[in-house]
Amino acid sequence: MLYAMMDVGSNTIRMAVYEIDGDRVEMIMKKKHAVGLASYVKDGIMRRDGIEKVVEILTGYNEFLQDFGISRITAFTTAALRNALNGRQAVEEVEYRTGIQIHVMTGDEEATFDFIGATHNLVDEDGLLIDIGGGSTEIVYFENRAIKEKVSLPIGSLAFHTRYTGIHILPSASECDEMRAEAEATIGAVKEFQAVTHAQICGIGGTFKGAMAIYNSMYGLPKRNMRMEVRRISDILWRFQREHELTEQDKILLMRTVPERMHTFLPGLIIADVLAKRFKSLHIMFSDSGVREGYIYDRIIDRECF
């Protein structure tokens, strides 16, 4: 069967169409709009133009699905609308105007679905799963492929860019220091992972995807490489700070690898670096599966909610 998922995220609004055959899941098409929805939140309120963006994009997605007769649809939203003071009212308006029912996913649910999706084909039995989104960061610690601790933190790549970098695309050294200080304070206050150390990190989401592409290009590694050495993250952060004049090679690298995430990949990578050093991790493995796939495995396949 064909199954469509709409993901209203803090950075990107996506629609993915999957073919589900038994327990086999294959994404056959994806559409996305890099809206930066978290940047439409001012003083905790989702602005009118942000709501209009969501309505416009979801309406277009729905028209596409109707043309192809795809009726099995799930839509959800995460931090940008979940954390807005008027988030519930905004979601209700979007639902009324588009005819699409939207699930406001809690941080706990997001972390759980991230874990299920990313670890479905993972070899490691123990480790940390980290998803750095635009408005929040989910962390899951697992042992023997079972969740032991999970938390959703109110720090994200787009939120950091909006708060500290402003009109510029790349942050300055001092802005990076401010982001790092907030990330360290937020992560340091989490008590659930005090005993976790030297854990293997599995990273999912746009921050890790973009960082992996830049990492492979910088160090001459094949595109299929999914393993990043933590010690080299500082080189990437230093190379692309605003004080350093970009070479033509660097400009091409950014345009080729992170055209839609130039403004968020460094803030997100700072969070990743703080987490990796907090847990004394030597490597980060990237997985291209996450919350959407986790939802399908848990709610569609395992529960047979066809």
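I'd like to check which strands (runs of 3 or more DSSP E) are fully inside the range 1-42 and have at least 2 residues that are under 22 Å from residue 265 (Cα atoms) and either aliphatic (A, V, I, L, M) or not assigned by TED's automatic domain parsing to the domain that holds residue 83 (or both).
Once the strands (runs of 3 or more DSSP E) in the range 1-42 are filtered for at least 2 residues that are under 22 Å from residue 265 (Cα atoms) and either aliphatic (A, V, I, L, M) or not assigned by TED's automatic domain parsing to the domain that holds residue 83 (or both), what remains is 13-21.
Give the residue that is surrounded by the most Cβ atoms within 10 Å (Cβ to Cβ), with candidates limited to residues of the range 172-185 that are touching a helix residue (DSSP H, G or I) at 6+ places or on another chain (Cβ under 9 Å) and within 18 Å of residue 275 (Cβ to Cβ).
179
Assuming residue 76 fulfils every condition listed in (1) within 18 Å of the chain's Cα centre (by Cα); (2) surrounded by fewer than 21 Cβ atoms within 10 Å (Cβ to Cβ); (3) closer than 21 Å to residue 19 by Cα apart from one, which condition is it?
(2)
Residues to consider are 153, 158; find the one that is out of contact with any strand residue (DSSP E or B) (no Cβ under 8 Å at 6 or more places or on another chain), touching a residue at least 12 places away in the same chain (Cβ under 8 Å) and over 26 Å from residue 73 (Cα atoms). Can you show your working first?
Values: 153 fails: out of contact with any strand residue (DSSP E or B) (no Cβ under 8 Å at 6 or more places or on another chain).
Only one candidate qualifies: 158.
For residues that are crowded, with 23+ Cβ neighbours inside 10 Å and of a type outside the set (Gly, Ala, Ser), scanning just the range 141-158, find the one that is farthest from residue 201 (Cα to Cα).
158
Rundown of residues vs (1) out of contact with any helix residue (DSSP H, G or I) (no Cβ under 9 Å at 6 or more places or on another chain); (2) among the β-branched types (Val, Ile, Thr), yes/no style:
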{"position": "4", "(1), (2)": "no, no"}
{"position": "20", "(1), (2)": "no, yes"}
{"position": "31", "(1), (2)": "no, no"}
{"position": "38", "(1), (2)": "no, no"}
{"position": "67", "(1), (2)": "yes, no"}
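Any chance the range 44-53 includes a residue that's of a type in the set (A, V, I, L, M), crowded, with 18+ Cβ neighbours inside 10 Å and closer than 20 Å to residue 292 by Cβ?
No, the range 44-53 contains no residue that is of a type in the set (A, V, I, L, M), crowded, with 18+ Cβ neighbours inside 10 Å and closer than 20 Å to residue 292 by Cβ.
Within the range 170-191, restricting attention to residues that are at pLDDT below 95 and assigned to a loop (DSSP other than H, G, I, E, B), which residue is farthest from residue 207 (Cα to Cα)?
For the range 170-191, the residue satisfying everything is 191.
Failed condition for residue 266, given (1) in contact with a helix residue (DSSP H, G or I) (Cβ under 7 Å, 6 or more places away or on another chain); (2) of a type in the set (A, V, I, L, M); (3) part of a loop (DSSP other than H, G, I, E, B), with all others met?
Just one mismatch for residue 266, condition (3).
Report the residue count in the range 256-278 for those that are of a type in the set (A, V, I, L, M, F, W, C), at pLDDT 95 or above and more than 9 Å from residue 207 (Cα to Cα).
Of the residues in that region, 5 qualify.
Against the conditions (1) within 21 Å of the chain's Cα centre (by Cα); (2) more than 14 Å from residue 272 (Cα to Cα); (3) free of Cβ contacts under 8 Å to residues at least 40 places away in the same chain; (4) in a helix (DSSP H, G or I), where does residue 251 fall short? Just the number, please.
The failed condition is (1).
Kindly provide the set of residues from the range 84-116 that are surrounded by fewer than 20 Cβ atoms within 10 Å (Cβ to Cβ) and among the polar types (S, T, N, Q), ordered by number.
86, 89, 101, 106
Do we have residue 145 as of a type in the set (Lys, Arg) and under 21 Å from the mean Cα position of the chain (by Cα) here?
When the stated conditions are applied, residue 145 does not pass them.
Would you say residue 135 is assigned to a loop (DSSP other than H, G, I, E, B), of a type in the set (Gly, Ala, Ser) and in the same structural domain as residue 276 (by TED's automatic domain parsing)? Walk me through how you get there before you give the answer.
On the way: assigned to a loop (DSSP other than H, G, I, E, B): yes; of a type in the set (Gly, Ala, Ser): yes; in the same structural domain as residue 276 (by TED's automatic domain parsing): yes.
Here the answer is yes, as residue 135 does meet what is asked.
Kindly provide the set of residues from the range 54-65 that are touching a residue at least 40 places away in the same chain (Cβ under 8 Å) and under 23 Å from the mean Cα position of the chain (by Cα), ordered by number.
Selection gives 54, 55, 57, 58, 61.
The values are calculated or read from the model by the stated rules, or taken from the named source; none is laboratory data. Quick caveat, the model's predicted, so the values are computed rather than measured. FYI the Cβ positions are ideal-geometry reconstructions off the backbone, even for glycines, and counts take in every protein chain you see.
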